[in-house]
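The next block holds one structure in the form of structure tokens; read it before the comments.
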Amino acid sequence: IKMAGDSRFPDVDTDGSEKSEEMEIVVNVGGVRQVFYGDNLNQYPETRLAELVNCLSGGYDSIFSLCDDYDPGKREFYFDRDPDAFKCIIDVYYFGEIHMKKGICPICFKNEMEFWKVDLKFLDDCCKAHLSEKKEELEEIARRVQLILDDLGVDASESRWKRCQKCIWKFLEKPESSYPARVIAVLSFLFILISSVVMCVGTIPDLQVVDAEGNRMEHPTLDSIETACIGWFTMEYMLRLISSPNKLHFALSFMNIVDVLAILPFYVSLTLTHLGAKLMELSNVQQAVQALRIMRIARIFKLARHSSGLQTLTYALKRSFKELGLLLMYLAVGIFVFSALGYTMEQSHPETLFKSIPQSFWWAIITMTTVGYGDIYPKTTLGKLNAAISFLCGVIAIALPIHPIINNFVRYYNKQRVLETAAKHELELMELNSVEGKATGSRSELEDLSREGKEGPFYSSRIKVSHSDTFIHLLSEEKHYRTRLQSCK
């Protein structure tokens with residue numbers, strides 16, 4: 001702080017208000033020197049820099065409560081903070097808003113704003129969105145780590161049945177938890193593939209047999225394989241339902257509804273085959289059974305449970321509803337326009353295939369999507385010109401939204417990989433710090449604790465005192481330590 005007067009402190013009068021308006025504040029943040037004027041800083045009196053204006057009258061105790069060091073000779077306040085973030089934060093005194101520079105971690109920047117006592121409302125909306133995204137990533141990492149810690153912990157107060165439920169749930173739902181769980185996941189995957197192949201092979205006429213009434217039916221061997229697969233799916237679903245911690249959420253989950261749809265047709269068709277003949281005509285029963293057998297295609301969606309790629313694709317499509325809506329809108333407009341033009345131009349031809357505008361919709365669809373079956377085609381010159389234009393417009397309409405959809409897929413896929421790696425690193429560092437904090441420093445003792453069921457509260461308490469830079473504060477009430485996402489730049 002530069003002012004004329006006392007050699008120990010800058011010249012501050014007891015009334016100080018007028019002087020503070022003309023005061024120059026010299027701040028050194030991470031080796032970067034900045035000069036501010038009191039009139040600018042006093043616009044936001046609750047900020048740390050504004051408090052520096054009036055802190056000198058309180059002596060050294062007041063000064064050092066606000067900064068890391070102070071040099072009376074140079075009259076500078078020193079702060080061991082990020083200078084790049086500080087350059088962005090001081091914009092609030094000149095422009096009334098703050099923008100983050102590209103490359104600064106949003107979580108770290110938020111902590112810097114809290115240190116300088118600048119309200120988050122001054123952060124621009126685009127930067128707030130980036131901050132919210134990073135917060136979600138951090139919460140996701142904390143959630144994954146907490147789930148793994150919950151799996152490791154054993155509560156001695158729980159009943160034997162509860163512990164057995166947890167064990168079955170991990171065994172069926174978390175293949176990464178143990179080697180037998182991986183084997184079960186692979187077996188489930190193979191049963192899905194076998195069941196799907198049997199469903200397809202069973203429709204080959206040469207492999208079908210004829211019953212007493214002369215109707216074709218699946219070969220008994222294929223039927224036995226199908227029954228074994230359904231038995232596995234049923235046992236798997238029932239065990240997962242029994243061991244589920246939240247049965248209502250489990251029953252309403254999309255993938256579990258798919259599981260039910262894959263199993264239910266078998267039992268309904270079996271019931272109709274043995275009991276339905278007494279209640280309705282045999283032909284109606286057979287039609288109902290055939291309709292239910294078609295529903296077996298739902299089991300192919302069970303592959304999504306074991307494939308992260310399919311899950312990523314599903315998420316990308318969910319996030320791309322806007323782009324898909326635009327694609328459908330472009331195609332709908334083009335189909336309506338070009339089908340109407342095609343019908344009008346072809347109406348004069350004696351052998352026209354365009355009988356009506358609704359019938360022309362089919363031609364417009366297969367033309368704009370570049371399928372082109374050739375069952376309906378124009379015969380006049382104007383009709384062919386209209387078809388060429390509709391083809392080109394269809395290519396453009398389909399190509400426009402594809403890039404955002406691909407970007408959503410790649411972004412989500414990469415994000416999931418980063419989160420998985422980050423969660424694993426957090427666990428490794430937590431284990432390392434907890435082992436180093438022990439007097440014996442033995443890694444095997446930590447493993448013994450997990451085997452004996454003692455690491456529940458003890459393990460988490462040792463994690464809380466970890467001084468790792470990568471410690472996730474969401475897993476603990478401790479707030480001092482910065483996470484990897486907070487430290488990255």
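The values are calculated or read from the model by the stated rules, or taken from the named source; none is laboratory data. Here the structure is a predicted model, which means the values were calculated and not measured. All Cβ positions, glycine included, derive from the backbone under ideal geometry; neighbour counts span all protein chains shown. Side chains are part of the model used for accessible areas, which takes the heavy atoms of the whole protein and leaves out ligands, DNA and RNA. Shrake-Rupley method; radii C 1.70, N 1.55, O 1.52, S 1.80 Å.
Structure data summary
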| item | result |
| --- | --- |
| Solvent-accessible area of residue 252 with every protein chain in place, 1.4 Å probe, in Å² to the nearest 10 | 120 |
| Too-long pairs where the Cα-Cα distance tops 25 Å, listed order kept, from 135/318; 101/322; 87/110; 170/322 | 101/322; 170/322 |
| q = 0.19 Å⁻¹: log10 I(q)/I(0) that the Debye formula gives for segment 311-428, counting C-alpha atoms only | -0.92 |
| Amide proton proximity set for residue 37, modelled H, under 5 Å, gap of 5+ | 25 |
| Alpha-carbon Rg with Dmax, taken over segment 346-390, Å | 9.8, 28 |
| For segment 205-212, 3J(HN,Hα) per residue [Karplus equation, 6.51 cos²θ - 1.76 cosθ + 1.60, θ = phi - 60°, Hz, x = Gly/Pro] | x, 5, 9, 8, 10, 9, 7, 5 |
| Of every Cα-Cα pair in segment 24-144, the percent that sits beyond 25 Å | 27 |
| Sequence of 102, 110, 87, 318 when ordered by accessible area, the most exposed leading, probe 1.4 angstrom | 102, 318, 87, 110 |
| Charge context of residue 408, other residues only, Cβ under 13 angstrom, K/R +1, D/E -1 | +4 |
